[in-house]
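The values are calculated or read from the model by the stated rules, or taken from the named source; none is laboratory data. Just so it is clear, the model here is predicted, and its values are computed rather than measured. All Cβ positions, glycine included, derive from the backbone under ideal geometry; neighbour counts span all protein chains shown.
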Amino acid sequence: MSFSSILAETTAAPAPGLLSPMNLLLFAMFGLLIFMMLRKQKKAKAAQQEQRSKLAPGVDMMTNFGLFGKVISIDDEENKIVLEISPGVTATVHRQTVAKIIEPAEAEAVVPDDASSLTIGLEKKAPEAESVEESLERLNNENNKDN
């Protein structure tokens, strides 16, 4: 056997064209991946824009490193925010460290129409009269369970 005959035997069939089903599936998956990445970027950008619109002096916020405070002032030129951490204590942080804006919680008070709804489930039966001997026996049994 010569080298040329071995080479001739091992050559594969011609490669299928560009429009084979496997190639089409590969291109479709690649396109879907690109679409999902662009969609995620668009959503993140919209959330960031919404957060920027809510950021103003007097708003409570949390930074990426867990610092809570109230916004005192915003410097757009240097991208700095002055936070009041506690009364009289301020900290200057970069604008990109804003993790979330804390919305004030609105507690909704439910006022009943009448007083009967306040006593639902509180009705107790009068305790049965227990004699002294029965009380002592019950207490002794409860103490024995503890030991």
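May I ask you to list the residues in the range 51-66 that are of a type in the set (Ser, Thr, Tyr) and modelled with pLDDT under 90? Across the range 51-66, the qualifying residue is only 53. Among the candidates 22, 36, 61, the residue that is of a type outside the set (Lys, Arg), assigned to a helix (DSSP H, G or I) and under 28 Å from the mean Cα position of the chain (by Cα) is uniquely 36.
For the range 121-141, check the following and say yes or no: at least one residue is out of contact with any Phe, Trp or Tyr (no Cβ under 8 Å at 6 or more places or on another chain), at pLDDT below 80 and in a helix (DSSP H, G or I). Looking for residues that are out of contact with any Phe, Trp or Tyr (no Cβ under 8 Å at 6 or more places or on another chain), at pLDDT below 80 and in a helix (DSSP H, G or I), one finds none in the range 121-141, hence no.
The number of residues in the range 81-107 being part of a strand (DSSP E or B) and over 20 Å from residue 47 (Cα atoms) comes to 10.
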